[in-house]
Each structure stands twice: as structure tokens, then as C-alpha cells.
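The values are calculated or read from the model by the stated rules, or taken from the named source; none is laboratory data. None of these values were measured; they are calculated from a predicted model. Every residue, glycine among them, receives a Cβ derived from its backbone with ideal geometry; neighbour counts consider all protein chains shown. Heavy atoms of the whole protein, side chains included, go into the accessibility calculation; ligands, DNA and RNA do not. Shrake-Rupley method; radii C 1.70, N 1.55, O 1.52, S 1.80 Å.
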Amino acid sequence: MSAYRIAIYPGSFDPLTLGHVDIILRGSSLFDKIVVAVLGNIEKKPLFSVDERMEMIRETFSDRTNVEADTFSGLLVGYATSKGATAIVRGIRAISDFEYEFQMALMNRRLAPSIETVFMMPAEEYSYVSSRLIKEVAMLGGSVKGLVPECVGQRLNEKLRSTTI
Ligand code: PNS
């Protein structure tokens with residue numbers, strides 16, 4: 001087994017929130033490299049394109065050499081294996097997240113027993129923050145300052161100005 005530990009932090013990240021940032025920072029101190037892997041989404045209609053989402057992640061972590069942004073499609077464990085990762089990181093905010101996460105972790109373990117899922121809790125101040133709520137609040141004119149990185153706040157404003165609701 002390689003001593004260089006790579007973890008994948010997968011998700012939609014539409015858009016990146018400070019809750020995600022908190023988990024990425026925690027992960028980046030536990031692992032040698034953390035790859036933030038944006039799902040090239042097929043079903044949901046995202047607000048930001050995959051490229052835009054990766055740009056915001058790269059901008060936010062431009063000073064962190066061990067945080068990488070990438071995109072993937074297909075099975076997560078297939079992607080994780082192709083990157084040489086030994087762990088999948090997921091954030092758990094509340095008990096309501098648990099059932100879905102538990103099912104995914106066990107399915108992923110069945111598919112790839114050597115890849116471990118590691119759950120992490122974000123700081124309490126972000127325990128209620130989700131990309132879905134961020135978009136809803138921003139679209140309805142509320143402030144999301146302090147809940148998303150600055151570059152995400154700017155992009156949300158630009159996007160919402162150019163989108164007819
Ligand atoms: O942030 P999200 O949207 O909750 O992330 C969900 C994600 C991307 C982790 C999940 O949908 C996923 O892993 N999709 C890839 C397809 C796959 O491997 N499905 C089986 C998972 S058990």
C-alpha cells in the first residue's frame with residue numbers, strides 16, 4: 001500500500017459553501033492530497049456548470065497545494081480507484097444526513113472493499129448550510145455572506161443578475 005494517502009471528496013458543489021470548505025480543510029490536514037471531485041451531473045439541472053464549479057474550488061484553494069479540483073462521471077469508486085485514492089471523505093451535518101450517507105458508504109464498500117469512507121463533521125456554524133438553501137436564499141434576495149467563499153458570492157450575484165427567474 002502506498003504511503004502517500006489520497007482522499008476523494010465527491011459531491012455536486014453547486015455551489016461550494018463554507019461548510020464544504022471546512023470539510024476540505026480538515027481533510028487536507030488528514031490526507032496527503034484531497035481531490036474535490038465534482039459530479040458531472042446528468043439528472044439535476046445545476047445553476048453552475050461543472051467548469052464554473054471547478055473554477056470556484058480552484059480559486060478558493062489557490063494557496064493549498066494538496067487540494068485539487070476535478071470532475072468525474074460514472075461510479076465514484078471507479079474514479080477513486082483510478083486516482084489511487086484509499087479514502088472517500090463525506091461531511092455529516094446532522095442525523096438527517098446519516099441514512100443516505102450510511103447506505104452510500106456501505107454500497108461503496110461492497111463495490112470496493114479497500115476504499116474507506118471517512119465521515120467528518122463541519123464546524124457547528126455551518127451545520128445548517130447546504131448548496132440548495134444557499135441558492136434559494138440568494139435567488140430570493142437574501143444575503144449569503146459568511147456562508148460561501150467570496151468568489152462564490154460574486155458568481156452567485158452575477159449568475160442571478162443574468163438569470164430570469
Ligand atoms: O453532494 P451530493 O450531491 O450529495 O453527492 C452525491 C455523490 C456525488 C457523492 C453521489 O451521487 C455519487 O457518488 N455519485 C456517483 C455515482 C455512484 O457511484 N453511485 C453509487 C454510490 S453508492
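Annotations
Let's see how each residue does on (1) modelled with pLDDT under 95; (2) in contact with an Asp or Glu (Cβ under 9 Å, 6 or more places away or on another chain); (3) not aliphatic (A, V, I, L, M):
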| position | (1), (2), (3) |
| --- | --- |
| 66 | no, yes, yes |
| 71 | no, yes, yes |
| 102 | no, no, yes |
| 120 | no, yes, no |
| 137 | no, no, no |
| 144 | no, no, no |
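- Residue 123 meets all of the listed conditions (1) within 16 Å of the ligand (Cβ to nearest atom); (2) open to solvent by less than 40 Å² (accessible area, probe 1.4 Å); (3) within 19 Å of residue 26 (Cβ to Cβ) but one, namely (1).
- Test: residue in segment 136-152 that is within 10 Å of the ligand (Cβ to nearest atom), under 20 Å from residue 38 (Cβ atoms) and open to solvent by less than 40 Å² (accessible area, probe 1.4 Å): no
- Residue under evaluation residue 79, criteria (1) part of a helix (DSSP H, G or I); (2) within 14 Å of the ligand (Cβ to nearest atom); (3) open to solvent by less than 10 Å² (accessible area, probe 1.4 Å); (4) of a type outside the set (Lys, Arg), criterion not met: (3)
- Going through (1) under 18 Å from residue 105 (Cβ atoms); (2) without any contact (Cβ under 8 Å) to a residue 12 or more places away in the chain; (3) not aliphatic (A, V, I, L, M) one by one, residue 9 falls short only on (2).
- Only a single criterion out of (1) among the aliphatic types (A, V, I, L, M); (2) under 19 Å from residue 23 (Cβ atoms); (3) at pLDDT below 95 is not satisfied by residue 152, namely (3).
- Consider segment 26-58 and keep the residues that are free of Cβ contacts under 8 Å to residues at least 24 places away in the same chain and surrounded by 16 or more Cβ atoms within 10 Å (Cβ to Cβ). The one that is nearest to residue 119 (Cα to Cα) is 54.
- A count restricted to segment 84-120 and to residues that are within 13 Å of the ligand (Cβ to nearest atom), in contact (Cβ under 8 Å) with a residue 12 or more places away in the chain and either open to solvent by 80 Å² or more (accessible area, probe 1.4 Å) or of a type outside the set (Gly, Ala, Ser) (or both) stands at 12.
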